[in-house]
Structure formats: C-alpha cells, structure tokens
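The values are calculated or read from the model by the stated rules, or taken from the named source; none is laboratory data. Treat the numbers as computed from the prediction; the structure is a model and nothing was measured. Quick reminder, even Gly has a Cβ in these numbers, built from the backbone with ideal geometry, and neighbours come from all protein chains shown. All accessible areas refer to the heavy atoms of the entire protein, side chains included, with ligands and DNA or RNA removed. Shrake-Rupley method; radii C 1.70, N 1.55, O 1.52, S 1.80 Å.
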Amino acid sequence: MTNRSVLVGRLTKDPELRVSQNDIAVANFTLAVNRPFTKKEGEQTADFINIVCFRKQAENVNQYLSKGSQCAV
C-alpha cells in the first residue's frame with residue numbers, strides 16, 4: 001500500500017534555483033495550501049509546505065512558476 005497526497009496551492013515567493021556540488025539543479029519554494037474549512041469567525045486558514053525539486057523538474061519550476069502561480073504537487 002502506498003499513501004498518496006495531492007497538494008494544490010499558490011507559491012508564496014519566486015522559486016530559488018541553485019546547482020549542487022554534483023551539478024544537479026535544485027529548486028526550493030513554499031506552497032500555500034488553503035484548508036477546506038474555516039474557523040468559527042469565518043477566517044480561512046492555510047498551511048505552508050516547503051517543496052524541493054531536482055534536475056529537469058527544478059529547471060521547469062524556475063522557468064514557468066513565479067510568486068502567486070497556482071501549482072499542484
């Protein structure tokens with residue numbers, strides 16, 4: 001059995017691309033995911049998830065996503 005999660009949210013800032021010592025591209029970004037319910041006061045809350053991508057996926061994230069972009073992980 002495998003547990004699986006799908007997160008859909010928006011980037012809180014532009015992704016940070018760097019290259020590791022082994023010449024592997026690494027991108028870091030934070031995804032803000034809204035919770036499906038609201039507080040008693042009617043406020044909606046969000047969780048902030050740190051995401052790390054490697055190699056070609058990291059290059060694509062850096063090229064196509066920016067602050068406020070919607071993304072599914």
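For residue 71, only one of the following conditions fails: (1) open to solvent by less than 100 Å² (accessible area, probe 1.4 Å); (2) out of contact with any strand residue (DSSP E or B) (no Cβ under 7 Å at 6 or more places or on another chain); (3) not basic (Lys, Arg). What is its number?
(2)
For region 3-32, give me each residue that is more than 11 Å from the chain's Cα centre (by Cα) and of a type outside the set (A, V, I, L, M).
Listed by number, the residues that qualify are 3, 4, 5, 16, 18, 20, 21, 22, 23.
Scanning region 11-26 for residues that are out of contact with any Ser or Thr (no Cβ under 7 Å at 6 or more places or on another chain), among the hydrophobic types (A, V, I, L, M, F, W, C) and more than 14 Å from residue 65 (Cα to Cα), which turns out surrounded by the most Cβ atoms within 10 Å (Cβ to Cβ)?
25
Can you say whether residue 47 is assigned to a strand (DSSP E or B) and either open to solvent by less than 80 Å² (accessible area, probe 1.4 Å) or over 19 Å from residue 9 (Cβ atoms) (or both), as far as the supplied structure shows?
yes
Taking residue 29, is it touching a strand residue (DSSP E or B) at 6+ places or on another chain (Cβ under 8 Å), at negative phi and open to solvent by 100 Å² or more (accessible area, probe 1.4 Å)?
no
List every residue pair whose Cβ atoms lie under 6 Å apart, where the two residues are 6 or more positions apart in sequence or sit on different chains, the first residue falls within region 19-40 and is under 16 Å from residue 52 (Cα atoms), and the second residue, located anywhere, is assigned to a loop (DSSP other than H, G, I, E, B) and open to solvent by less than 20 Å² (accessible area, probe 1.4 Å).
Correct list of pairs: 27/15; 29/15.
For region 50-68, name all the residues that are assigned to a strand (DSSP E or B) and open to solvent by less than 70 Å² (accessible area, probe 1.4 Å).
Of everything in region 50-68, those that are assigned to a strand (DSSP E or B) and open to solvent by less than 70 Å² (accessible area, probe 1.4 Å) turn out to be 51, 53.
Whether any residue in region 1-10 is at pLDDT 95 or above and surrounded by 13 or more Cβ atoms within 10 Å (Cβ to Cβ) is what I want to check.
Yes, because at least one residue in region 1-10 is at pLDDT 95 or above and surrounded by 13 or more Cβ atoms within 10 Å (Cβ to Cβ).
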